[in-house]
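Below is one structure; the comments refer to it alone.
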Amino acid sequence: MSASSPSISVIVPCRNERRHIGPFLEAVLAQELEGIAMEVLVADGMSDDGTREVIADYARRHPLIRLIDNPERTTPLALNRAIEAARAEVVVRMDVHTVYAPDYVRQCLAVLVESGADNVGGAWHAEGKTYVQEAIALGFQSPFSSGGAASHSPDFEGEVDSVYLGCWRRSVFEEVGRFDPELVRNQDDELNLRLVRSGRRVYQSPRIKSRYFPRASLSALFRQYAQYGYWKVRVIQKHRLPASLRHLVPGGFVLVLLLLAALSAFSAPARWLLLAVGGLYLLANAAISTLTCSAPGRLKYLPLMPWVFAAFHFGYGYGFLRGAIDFVVLRKGAASGFTILTRG
């Protein structure tokens, strides 16, 4: 890379993405760099569906693309292996299932320099291609599903506790460490938590634009958020405190419902309280679902929206309780994580 121009290493975790890896690499190659030297490091988890062959073909035709082996097949180790192999002074994470603005890389670098922050990124903006996926994307952007997280707000600019994907100076990883290899999920949140608690800054800008495609079914959404809840317990256990109280709400809510359901077999007050708590949730869900779908063209999603919000809330809450049982009560190690929560 030229010493006179800024340089960026794009790091990409990947496994069995035969259908998507080609279009993704084409989009990366089409980035408007304007004098920025770029390399692309794809850390592949030993794919067996033809993905590696596609990457190797692109690498032969485009020397800036390199294939990195990730025999452990987990996301944090894929990212760490790519960071270790990176040659540039700035590292940008990109994922295969996201569509990026043509100036995504350039804006990441510009915001990093202008803000002076230690990690920058854009909002986690969701879009769908099918009816169910569109409904999930609509619910994803609502504060009701995210607890008001700024990372779900496309127009927010300023300091946040976490951003989607990320862009860092490589020296940051030498100072605070790389991604936690234990965390199948939430490894990005944990790194951002380390940054903030060490006095560093995480910054979100609406100039950094991308579109994320969420899960395409309610069952897949439930499993995804069960994973987030499950591994969030390990993050809290590691750092002693949650990054935000909103991370505790879904687990606490599901626990209250379970306790009231158990007590209701013996106690009339518990039955009434269960009905009250459950009824209040249903009313709030229905009201916010109606509000979410009130804009022109969104009414068609109303029949599904309460189920979308429930999948977010109960998936995360269920996973959080399973994580509390495994990591806190049973004192299991991260490697023994609940099987269903390491898929999809």
* Asked: Could you list, bin by bin from short to long, the percent of Cα-Cα pairs of segment 87-191 in 5 Å steps?
  -> 2, 11, 19, 23, 21, 14, 7, 3, 1
* To do: Could you tell me the accessible area of Leu280 in Å² (1.4 Å probe, neighbours in place), rounded to the nearest ten?
  => 120 Å²
* Structure fact -> antiparallel share of DSSP beta bridges within the chain, to nearest 5, in %, is 30 percent
* To do: Could you please put Glu182, Glu53 in sequence from largest to smallest accessible area, using a 1.4 Å probe?
  => Glu53, Glu182
* **Point-charge dipole on Cβ atoms (K/R +1, D/E -1) for the chain, about Cα centre, debye to 20** => 940 debye
* Asked: Which helices pass in the chain if a helix is a full DSSP H run, must span at least 30 angstrom along its long axis by Cα, and must have mean Kyte-Doolittle hydropathy not below -0.5?
  -> 218-239, 268-292
* Evaluate the relative contact order of the chain (contact order divided by residue number), counting alpha-carbon pairs under 8 angstrom at least 6 apart; express in whole percent. => 17 percent
* Structure fact -> By the rule of no other cysteine beta carbon under 4.7 Å, the lone cysteines of the chain are Cys14, Cys293
* Residue among Val235, Val111, Val329 with the largest mean-square fluctuation in a Gaussian network model of the chain, springs linking Cα atoms under 10 Å -> Val329
* **Accessible carbon and sulfur surface of the chain relative to its total accessible area, %, 1.4 Å** => 60 percent
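Could you give the length gained by full extension between Glu159 and Leu299, i.e. 0.36 nm per residue of separation minus their alpha carbon distance, to one decimal place?
Working: separation 140, 0.36 × 140 = 50.40 nm, distance 3.40 nm.
Roughly 47.0 nm would be gained on extension.
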* Asked: What number, rounded to the nearest 500 deg cm²/dmol, is the helix-based mean residue ellipticity at 222 nm of the chain, given -39500 (n - 2.57) per DSSP H run of at least four residues and division by all its residues?
  -> -14500 deg cm²/dmol
* Asked: Given a 1.4 Å probe and the protein chains all in place, what does the accessible area of Met38 round to, in Å² to the nearest 10?
  -> 20 Å²
* **Alpha-carbon gyration tensor eigenvalues x 5, square-rooted, for segment 198-256, Å** => 23, 22, 10
* Structure fact -> Heavy-atom accessible area of Asp48, protein chains in place, probe 1.4 angstrom, given in Å² to nearest 10, is 120 Å²
* Ratio of the chain's C-alpha Rg to 2.2 N^0.38 Å, to two decimals? -> 1.04
* Express the Stokes-Einstein translational diffusion coefficient of segment 1-87 in µm² s⁻¹, to the nearest whole number, given a Kirkwood radius over alpha-carbon pairs, 25 °C and a viscosity of 0.890 mPa s. => 187 µm²/s
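Once Rh for segment 1-149 is found with the Kirkwood sum over Cα pairs, what is the Stokes-Einstein diffusion coefficient at 20 °C and 1.002 mPa s, in µm²/s?
Rounded, D is 129 µm²/s.
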* To do: Equivalent ellipsoid semi-axes for segment 236-284, as square roots of 5 times the alpha carbon gyration tensor eigenvalues: give them largest first, rounded to whole Å.
  => 27, 14, 6
* Under a GNM of the chain (C-alpha, springs under 10 Å), which listed residue has the highest mean-square fluctuation: Arg223, Arg271, Arg106? -> Arg271
* Provide Rg and Dmax in Å for segment 268-324, with only Cα atoms included in the calculation. => 14.2, 45
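Given Cα pairs under 8 Å that are at least 6 residues apart, what percent is the relative contact order of segment 76-206?
Rounded, it is 35 percent for segment 76-206.
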* **Heavy-atom accessible area ranking, 1.4 Å probe, most first, across His247, His20** => His20, His247
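The values are calculated or read from the model by the stated rules, or taken from the named source; none is laboratory data. Since this is a predicted model, take the numbers as computed values, not measurements. When we count neighbours, we look across all protein chains shown, and the Cβ atoms used for this are built from the backbone with ideal geometry, even at glycine. Only protein heavy atoms, including side chains, enter the accessible area calculation; ligands, DNA and RNA are left aside. Shrake-Rupley method; radii C 1.70, N 1.55, O 1.52, S 1.80 Å.
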